[in-house]
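Please read the structure below before turning to the comments.
Every number in this text was worked out from the coordinates using simple rules, so none of it is lab data. Just so you know, these numbers come straight off a predicted model, no measurement behind them. Cβ: placed from backbone, ideal geometry, glycine included. Neighbour counts: every protein chain shown.
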Amino acid sequence: MADDSSSEEKHLLEQLAKTGFPLEVEVSDLLEPNWLVFPNEAYVDEDEGKTREIDMFAIHNSETDQLTWANPPRLFLATYLAVECKRSETHAWVFLTRNETVPPGLGSGQTLDFLQVFSGDSQSFLEQTLELPKLHYEATEKIAHAGTPIRLKNNGSEKKASKSEMRDDIFEARNQLMKFSSDFLNGYRKRFAKDPNKRDVALLFLTIVFDGPLYEAKMEGQKWSVSPSKHVLLKSGRYSKTTGNFQSFLIDVVTKQGFAEHVKLLNNDIALITNEVTFRNQELLSKADEAVKKLPGSFAFAKL
């Protein structure tokens, strides 16, 4: 009986390892020193009207720290992270990258500020007044606009792929993050749209953690080359039914082995932004009040 029990437990552990749950726990553990993590966060898919889940949603500890050094009213910086975890033993993820002429910044679907809300999206405090410092995106020389899972040669490429193996996890993870972002920021908008004293700026970072081989494909001269990578920056976009606008997104795709270093980059980004807001808070708050006062009365609250 003991041998049967041991064999069964071994089988269960082997099957569990094939799921994405152990990866989610490892990712959560790496985040928790600096982030408050919420696994399996629910959101509403605006295209299908169904409730779905993102693997991980997190709030950076700097939000709490801001409340300890100044009393309201103040300009408040809200920093969030959404993560999707994927793994594959049979497929590599290959992203085609190219040089970008314009340095990337956070996508339009990842930011929201009080002035956007009160002006009905005709103005933005982030764009007009609060210029973000250079974030880790700026160090990326090439950006991907597309990626594809390719079956590994040593995993039976001659065999017909099963239906589950043919699923495009890149497309699924990317869409999950973009739809979550739209739903989350729309909810954020509704929560403080009725309070004209709010001076919030919200930033949402998006990351896919992949437990498997990640490659970057790039053209050098007239030839394509493929090389292993721990990080690829994916630029994507979609039309949002909720806002009625096209939204852009920057999504970090990192390997399981590269995630710890990626967390350091995110923490550094947030430290830079927080320091800027902290140092200039009274100046920014004064400019924020002036911007709101200049809005026509009909723009006092966003049309939701």
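From the mean inverse distance of alpha carbon pairs (Kirkwood) and the Cα radius of gyration, derive Rg over Rh for the range 176-285. Radius of gyration relative to Kirkwood radius: 1.07.
Maximal additional length on extending the GLN128-GLU290 stretch stands at 57.1 nm, based on 0.36 nm per residue less the C-alpha distance.
Relative contact order for the range 177-267: 28 percent, from Cα pairs under 8 Å spaced at least 6 residues apart, divided by residue count.
Bridging of LYS264 to aspartates and glutamates at a Cα separation below 15 Å is possible for ASP29, GLU32, ASP252, once same-chain residues fewer than 8 apart are set aside.
Cross-link reach is defined here as a Cα-Cα straight distance under 12 Å, omitting same-chain residues fewer than 8 places apart; for LYS153 the aspartates and glutamates meeting it are GLU89.
Just list whichever of LYS194/LYS293; LYS86/LYS241; LYS142/LYS223 have alpha carbons separated by over 21 Å in the model shown. Let's see the in-between values first.
Details: LYS194/LYS293 16 Å; LYS86/LYS241 27 Å; LYS142/LYS223 16 Å.
Violating the 21 Å Cα-Cα cut-off are LYS86/LYS241.
Diagonalising the gyration tensor over the Cα atoms of the range 111-264 and scaling each eigenvalue by 5 before taking the square root yields semi-axes of 36, 19, 14 Å, largest first.
Count the net charge of all other residues whose Cβ sits under 11 Å from the Cβ of PHE114, scoring Lys and Arg as +1 and Asp and Glu as -1. List each step's numbers first, then the result.
Values: positive: ARG189, LYS198, ARG199; negative: ASP113, ASP195, ASP200, ASP289.
My count for the surroundings of PHE114 gives -1.
Remark: the range 25-144 carries a charge dipole of roughly 240 debye about the Cα centre, counting +1 on each Lys and Arg Cβ and -1 on each Asp and Glu Cβ. Coordinate range of the alpha-carbon atoms in the range 223-304 per principal axis, descending: 56, 36, 25 Å.
Selection among ALA144, SER182, ASN154 by position relative to the dipole of the range 112-270 gives ASN154 as farthest towards the positive end (Cβ unit charges, Cα centre).
Quick one: ASP55, ASP168, ASP113, fewest Cβ neighbours within 10 Å first, how do they rank?
On the way: ASP55 24, ASP168 13, ASP113 27.
Neighbour counts put them in this order, fewest first: ASP168, ASP55, ASP113.
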